[in-house]
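Data first, discussion second: the structure below is written as C-alpha cells.
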Amino acid sequence: MAAKSHEEEHPNKAFGWAARDQSGVLSPFQFSRRVTGEKDVAFKVLFCGICHSDLHMAKNEWGTSTYPLVPGHEIVGQVTEVGSKVEKFKVGDKVGVGCLVGSCHSCDSCSNNLENYCPELILTYSAKYHDGTITYGGYSDIMVADEHFIVRIPDNLPLDGAAPLLCAGITVYSPLRFFDLDKPGIHVGVVGLGGLGHVAVKFAKAMGVKVTVISTSPSKKQEALEHLGADSFLVSRDQDGMQAAVGTMDGIIDTVSATHPISPLIGLLKTRGKLVLVGAPAKPLELPVFPLLLGGKVVGGSGIGGMKETQEMIDFAAKNNITADIEVISMDYVNTAMERLLKGDVRYRFVIDIGNTLKI
Amino acid sequence: MAKSPEEEHPHKAFGWAAKDTSGILSPFHFSRRDNGVEDVTIKILYCGVCHSDLHAVKNEWGFSRYPMVPGHEIVGVVTKTGSNVMKFKVDDRVGVGVMVNSCKSCEYCHQDLENYCPKMIFTYNAQNHDGTKTYGGYSNTIVVDERFVVRIPDGMPGDGCAPLLCAGITVYSPMKYYGMTEPGKHLGIVGLGGLGHVAVKIGKAFGLKVTVISSSSRKEREALDRLGADSFLVSNDPAKMKAAFGTMDYIIDTVSAVHALAPFLSLLKTNGKLVTLGLPEKPLELPIFPLVLGRKLVGGSDVGGMKETQEMLDFCAKHNITADVEVIQMDQINTAMERLAKSDVRYRFVIDVANSLSQSQL
C-alpha cells in the first residue's frame, strides 16, 4: 500500500514552503496537520524567524534532513483551538514554539525541566513524531503542538521581534545563567555578532554584565557599542588588542558555527574562566591543553534550553524590553534571504511575515 | 661573568641533573641559598619521579634549561628555620611539591590559589626572584619559603607520601573544584598510572563509584582487586565502550600522550564533566556537538594551592591513602626513566635520596 501523501497524512490541510532536496531551495508545499489532541494547542502562525540552523538543515549539512523539509523553529502566532485537557492557554492567546515539540517526560533530563537534553527529544521539524509522521516547522500557516512545548508571549513584546528569541534567545540565555555569567561585576565576551550574538549582548547588559564583543569585522564596532550597548569591541585579528585583553574575561559565549581557532579565546579568559560554545561547528576544533590546565579553564557547550527556562527567558525579555533586531520579509523572499544569511548579510535575523504574505 | 652553579649560592649541594635533551641524568654539584627569615632548609629523604620530570629532562615542552635537577615530589626533615618561620621547627617531617614561590599579593595568592598566580615559580627549571635557576628534589637539600612547605602527617610513610605532592594534589584539586565528591556518583578514570591510581583511591574515599578506563586489559585485576575500583573498561573495545555511553557523571583523564577525547565525551551523562590533567605537546581534537547537545564540558586543572595541598595530605592520612611505589637508588634513575616511558612501573618510582644520593658521589 502506498504511503499517504503529505496532504492526506493528517486531517487538517496546511500550507507552507519546503526544501525538496540538498540544494536547499524552498518552494510552496501542500501538507497537513494532525487533529488538535486533548493536550494540543493549535495556532495560526503570524511570524517565523529564519535561524541559521534552517539553512544547515535545508541543505542537509548535518546529514539528518528528511525531505520535503519545512523549516522554522522561531514561531509565533495566535491560538485558534485548544484540546480538552489544555489548562495554560485559550483561544486568542499570543504564543510561540521553539526548537522542540516533544520529549519522553520520564528521564532525568525531562524531570529536571531539561527537555532539550532528553535522549528522545523531538525537533520541531524534520524529526519523527510520536505517531511516526515527520514534523514540519513554522514556515507554514498553522501549527499544532503539545501544550508543554508552547510558551506565552507577553502582551508588551512585539511578535515579530519576539520570534527569534525562541531559538536564538534561549540559546544564549541558558548558558549565561547556567555558567554564572549573569551577575553585575562579571565580564563576558561574545564572539560573533549575528542572530545569537546580538541577543547575547542585550541579555548580558540587562543582567548588569560588562560585555566585550569579539568579531572579525571592524565594521560592526559602532553598532555594537552605540546601538547594542556593548562596553567594548575587539577585532579578533588585531594582535595588539587581543594581547591587551588576555586574562580579562570571566566567560565567553562563542556563537560562531564555522570552524575557528579557540586558542586565542582561551587566552582571553581569566583563571578558571569558561568558554561556552553555542554554535556547532561540524568538525572538531583544536584544543590546546596547556592553557586549559595552567589556568584551570573550561570549554563547554550548551544547546537551547528547557521549556521552563524558555518561558523564563521570554518573561525576562518582556520585563527588559528586549527583542531581536530583525528584517521582516515576505514568504517569497525566503530563498534570497537564505543566500544573504549565508554571507552574514542581515542585521541580525530575518523574520518571515507569515500572516500577511504566506499565500497559496 | 655568570657564576657557576657551585658558586652561585653559599651552601654546597649535590644532586643529579640532566645536561642536555637526551635527558640522561648524572651527578651534579651546585649550591643552595642562605636560609632566609621565612625559609626552612630541608634534608631530602625521598623524591618521587613524576612523568613531568621525564617530559622536562627531554625538553618535550620546549622550555627546558640545562643543567636541570628535576623532582617536585619531595619529602624530608627540617634542619633549619628562619626567624619569622611560624609553622615548622627543626626535625619536622615536611614536603615540597611543584611550587616554591609566588607573588603573594595578587587575587589568586589571596585566595590560596598560588598555583594560578601569574608569577608562580616552579620547583625546578624556573627562575627565582634573584635571577638564579630553581633546582628540584633529586638532590640532598633544598631551601624553601615556609608558605610552600607542607607538613607530612604523623604515621604516613615518607616514600608512599612523596608522590602525593604532585600526583595527589593534581587529582584531588579538580575532584573538589568540579564537585566530584557526591557519594554514589560515577567517576571514570582514564589511565592507570601515577595520577590514575591515586585518583581511584581518593575517588573511593569520596564514596564514588569508580570505573577505570584503560587501553589494555592487563591492568584489570589490579584495578578491581587491589585498588578497589568498581569496574574496568577497555577503551579499545567498541562494544563495551558503547554499552557505557552516557553512564558517567565525571571523567578524570590522566593520559599525557595525544589522544582522542570524543570516545570519552560519549561516556559522560548530560551535564557531565571531563577534566584533563595530562599535558600533551600538541593540541587535542575537541568535537563540539557533544558539548552543545549534552551541555558537557572539558576542563583543565593544574596542581592546587598550598592550603589545599595540606588539606589533601590530611585527607589521605585520614583515609590511609598513599601512593603505590617502587623505591629506587639514585644511580638507577636513568633506567627508571626508560621504564617510566614504557609505563613499566606500579605506579610511581620514588628515589631513596637519603640512603643513596651521597653514595653516588663516589
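The values are calculated or read from the model by the stated rules, or taken from the named source; none is laboratory data. This one's a predicted model, so the numbers in the text were calculated from it and none came from an experiment. We place every Cβ from the backbone using ideal geometry, glycine too, and count neighbours over all the protein chains shown.
Looking at B:G203, B:G196 in this structure, which one is crowded, with 19+ Cβ neighbours inside 10 Å and in contact with a Leu (Cβ under 6 Å, 6 or more places away or on another chain)?
Numbers: B:G196 fails: in contact with a Leu (Cβ under 6 Å, 6 or more places away or on another chain).
Answer to the check: B:G203.
Scanning for something assigned by the TED database to the domain that holds A:P218, surrounded by 24 or more Cβ atoms within 10 Å (Cβ to Cβ) and not in a helix (DSSP H, G or I), does the stretch A:181-188 turn up at least one residue? Don't jump to the end; show me each part of the working.
Keep residues of the stretch A:181-188 that are assigned by the TED database to the domain that holds A:P218, which gives A:181-188.
Filter again for surrounded by 24 or more Cβ atoms within 10 Å (Cβ to Cβ), leaving A:181, A:188.
Next cut, not in a helix (DSSP H, G or I) only: A:181, A:188.
Yes: one or more hits.
Does at least one position in the stretch B:336-355 carry a residue that is part of a strand (DSSP E or B), more than 14 Å from chain A (Cβ to nearest Cβ), surrounded by fewer than 18 Cβ atoms within 10 Å (Cβ to Cβ) and hydrophobic (A, V, I, L, M, F, W, C)?
Going residue by residue through the stretch B:336-355, those that are part of a strand (DSSP E or B) are B:348-352.
Narrowing the set further to residues that are more than 14 Å from chain A (Cβ to nearest Cβ) leaves B:348-352.
Within this subset, residues satisfying the condition of being surrounded by fewer than 18 Cβ atoms within 10 Å (Cβ to Cβ) are B:352.
If we keep only those that are hydrophobic (A, V, I, L, M, F, W, C) too, we end up with none.
Looking for residues that are part of a strand (DSSP E or B), more than 14 Å from chain A (Cβ to nearest Cβ), surrounded by fewer than 18 Cβ atoms within 10 Å (Cβ to Cβ) and hydrophobic (A, V, I, L, M, F, W, C), one finds none in the stretch B:336-355, hence no.
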Practice task
Filter the stretch B:79-103 for residues that are under 23 Å from B:F28 (Cα atoms) and among the hydrophobic types (A, V, I, L, M, F, W, C) and give the result.
Solution key: B:V96, B:V98, B:M99, B:V100
Fill in the blank from the handout: Restricting the stretch B:297-307 to residues that are touching a helix residue (DSSP H, G or I) at 6+ places or on another chain (Cβ under 6 Å) and not small (G, A, S), the one nearest to the other protein chains (Cβ to nearest Cβ) turns out to be B:D302
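From the list B:N271, B:N320, exactly one residue is more than 7 Å from chain A (Cβ to nearest Cβ), in contact with a Gly (Cβ under 8 Å, 6 or more places away or on another chain) and either modelled with pLDDT under 95 or at positive phi (or both). Which is it? Show your work before the answer.
Details: B:N320 fails: in contact with a Gly (Cβ under 8 Å, 6 or more places away or on another chain).
Testing whether each residue is more than 7 Å from chain A (Cβ to nearest Cβ), in contact with a Gly (Cβ under 8 Å, 6 or more places away or on another chain) and either modelled with pLDDT under 95 or at positive phi (or both) leaves just B:N271.
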Practice task
Please work out if A:V276 is crowded, with 21+ Cβ neighbours inside 10 Å, facing another protein chain (nearest Cβ under 10 Å) and free of Cβ contacts under 8 Å to residues at least 12 places away in the same chain.
Solution key: no
Practice task
Could you tell me whether any residue of the stretch A:282-298 is surrounded by fewer than 19 Cβ atoms within 10 Å (Cβ to Cβ), more than 14 Å from chain B (Cβ to nearest Cβ) and of a type in the set (K, R)?
Solution key: no
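Out of curiosity, is A:C110 out of contact with any helix residue (DSSP H, G or I) (no Cβ under 6 Å at 6 or more places or on another chain), within 14 Å of another protein chain (Cβ to nearest Cβ) and surrounded by 24 or more Cβ atoms within 10 Å (Cβ to Cβ)? Quick ask: steps written out before the conclusion?
Working: out of contact with any helix residue (DSSP H, G or I) (no Cβ under 6 Å at 6 or more places or on another chain): yes; within 14 Å of another protein chain (Cβ to nearest Cβ): yes; surrounded by 24 or more Cβ atoms within 10 Å (Cβ to Cβ): no.
No, not satisfied.
Residues to consider are B:L297, B:L313; find the one that is under 16 Å from the mean Cα position of the chain (by Cα), buried (at least 22 other Cβ atoms within 10 Å of the Cβ), modelled with pLDDT of 95 or more and more than 18 Å from B:G136 (Cβ to Cβ). Even if it seems obvious, please write down each step before you answer.
Details: B:L297 fails: under 16 Å from the mean Cα position of the chain (by Cα).
So the residue among B:L297, B:L313 that is under 16 Å from the mean Cα position of the chain (by Cα), buried (at least 22 other Cβ atoms within 10 Å of the Cβ), modelled with pLDDT of 95 or more and more than 18 Å from B:G136 (Cβ to Cβ) is B:L313.
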Exercise for the section: Scan the stretch B:231-248 and report the pairs whose first residue is touching a residue at least 12 places away in the same chain (Cβ under 8 Å) and whose second residue is loosely packed, with under 13 Cβ neighbours inside 10 Å and assigned to a loop (DSSP other than H, G, I, E, B), with Cβ atoms within less than 6 Å and a gap of 6+ or a chain change. Expected result: none
Practice task
Hey, could you check the stretch B:106-131 for residues that are buried (at least 16 other Cβ atoms within 10 Å of the Cβ) and within 19 Å of B:A17 (Cβ to Cβ) and say which is nearest to the other protein chains (Cβ to nearest Cβ)?
Solution key: B:F122
Practice task
Output the number of residues of the stretch B:234-254 satisfying the condition of being aliphatic (A, V, I, L, M) and surrounded by fewer than 22 Cβ atoms within 10 Å (Cβ to Cβ).
Solution key: 5
